[in-house]
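Everything on this sheet refers to the single structure shown next.
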Amino acid sequence: MQNFTFCNPTKILFGKGRIQDLAREIPAGQRVLVTYGGGSAQANGTLDEVRGALGHAQVAEFGGIEPNPSYETLMGAVKLARESGTEFLLAVGGGSVMDGTKFIAAAVPYAGEDPWDLVVRKAPVKAALPFGTVLTLPATGSEMNSGAVITRKSLGTKLPFGSPLLFPRFSVLDPCKTFTLPPRQIGNGVVDAFVHTLEQYLTYPADAPMQDEFSEGILRTLVRVGPKTLADPGDYDARAAFVWAATLALNGLIGAGVPQDWATHMIGHELTALHGLDHAQSLAVVLPSMLEERLEAKRAKLEQYARRVWGLDSASGAIEATRAFFESLGVRTRLKDYGVGAEAIPALLAALEAHGMTALGERRDVTLDVSRRVLERAL
């Protein structure tokens, strides 16, 4: 295990009715901009509950942040925040709203010419507005980390960015606020959390037994409660376990001091940007094929994963069990399932090359040729 520093300042407010804690977490009189997405937070009453809890603050709102939040939309929020003198941001939604709010937080005080440089040129985040989150869609773990992924529609580009200044000050996790989510979003969320965990766990042995067993616990929990919470959305205990597993999958703890992969995510981002797949759909397509292509390089951890998570004795069996699990959640695992054929592969590889994604994976040996073979396997 490598030397590491682990620091996560986000305060978690977990359980029923915790939205009322906003009155204590945000000082009286602050100018707050509430950000949200396409209307589900309004339809299920969460936004009204947030408004009630913020009666002590000066509140403005910005809605319409889309899945795969776009620079073009977010700059509208940046303009509003600057004009209104916003002092605090509150994201009400899932990972897209939270990721978008992180960009807003960094872009409002950004002194450069174009805040897009924070994403594409990795310009340093020197200041950021404070923000909190109210989770309505468990999946990305963005409620307890400092990273985000932003899309620029005009360029067909989807890229990650982040900064230690972009941890939420607090996050409200009330599982009841996720009960009305449609099955597609729950299935996607389970896949997203599962792949987040595998990207940090399924690399090579690194003498990190605590991180391994913590990761395996998250994976076994998702295998157990994912189908259960999909079948019975009102089961509080199952949904609470899923919500917490999704948060722990990407709050930095299981990845501290160990090698990490993320090649599946980088290829998946291009599928989303160019073909509109949901983020989790892109991961479900790429991951099994990535594991098949890199079976020998990952054999030791794949065999450990097979034994400890699936109760199997072969690496290939674990890959097939993973694919079957995703399919059981309603998330398909082949490019053809989304109308994407072999003719799309050259453009996907060109996008990876343009974005510098030519040496991916825990050993930086996922070249463009490897990515091509992965995509061909995924057909």
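Does residue 295 satisfy the criteria of being surrounded by fewer than 16 Cβ atoms within 10 Å (Cβ to Cβ), aliphatic (A, V, I, L, M) and over 18 Å from residue 216 (Cα atoms)? Considered against the rule, which asks whether it is surrounded by fewer than 16 Cβ atoms within 10 Å (Cβ to Cβ), aliphatic (A, V, I, L, M) and over 18 Å from residue 216 (Cα atoms), residue 295 comes out as yes.
Table: residues versus (1) in contact (Cβ under 8 Å) with a residue 12 or more places away in the chain; (2) of a type in the set (D, E, K, R); (3) out of contact with any strand residue (DSSP E or B) (no Cβ under 8 Å at 6 or more places or on another chain).
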residue	(1), (2), (3)
212	yes, yes, yes
216	yes, yes, yes
231	no, no, yes
236	yes, no, yes
255	yes, no, yes
273	yes, no, no
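Per the listing 359, 354, the residue uniquely in contact with a strand residue (DSSP E or B) (Cβ under 8 Å, 6 or more places away or on another chain), surrounded by fewer than 17 Cβ atoms within 10 Å (Cβ to Cβ) and without any contact (Cβ under 8 Å) to a residue 40 or more places away in the chain is 359.
When segment 323-347 is limited to residues that are surrounded by 16 or more Cβ atoms within 10 Å (Cβ to Cβ), among the aliphatic types (A, V, I, L, M) and closer than 18 Å to residue 288 by Cα, the one that is nearest to the chain's Cα centre (by Cα) turns out to be 331.
Exactly one residue out of 180, 229, 247 is over 30 Å from residue 352 (Cβ atoms) and buried (at least 21 other Cβ atoms within 10 Å of the Cβ), and it is 229. Answer yes if at least one residue in segment 242-253 is part of a helix (DSSP H, G or I), under 17 Å from residue 310 (Cα atoms) and within 19 Å of the chain's Cα centre (by Cα), and no otherwise. No, segment 242-253 contains no residue that is part of a helix (DSSP H, G or I), under 17 Å from residue 310 (Cα atoms) and within 19 Å of the chain's Cα centre (by Cα). Only residues that are closer than 19 Å to residue 327 by Cα, in a helix (DSSP H, G or I) and among the acidic types (Asp, Glu) were counted in segment 271-317, giving 1. Which ones in segment 1-32 are among the aliphatic types (A, V, I, L, M), in contact (Cβ under 8 Å) with a residue 60 or more places away in the chain, outside any loop (DSSP other than H, G, I, E, B) and under 13 Å from residue 90 (Cα atoms)? Hits for segment 1-32 are 19, 22. Tell me, please, whether a residue that is touching a helix residue (DSSP H, G or I) at 6+ places or on another chain (Cβ under 7 Å), part of a strand (DSSP E or B) and hydrophobic (A, V, I, L, M, F, W, C) can be found in segment 171-189. So far as segment 171-189 goes, yes, one or more of its residues are touching a helix residue (DSSP H, G or I) at 6+ places or on another chain (Cβ under 7 Å), part of a strand (DSSP E or B) and hydrophobic (A, V, I, L, M, F, W, C).
Among the criteria (1) crowded, with 20+ Cβ neighbours inside 10 Å; (2) closer than 18 Å to residue 251 by Cα, the one residue 147 does not fulfil is (1). Checked against the criterion of being in a loop (DSSP other than H, G, I, E, B), in contact with a helix residue (DSSP H, G or I) (Cβ under 6 Å, 6 or more places away or on another chain) and surrounded by fewer than 23 Cβ atoms within 10 Å (Cβ to Cβ), segment 159-167 contains not a single residue that satisfies it.
Quick note: the coordinates plus some simple rules give every number you see, no bench work behind them. Because the structure is predicted, anything quoted here is derived from the model rather than measured. With ideal geometry, Cβ positions are generated from the backbone for all residues, glycine too; neighbour counts draw on all protein chains shown.
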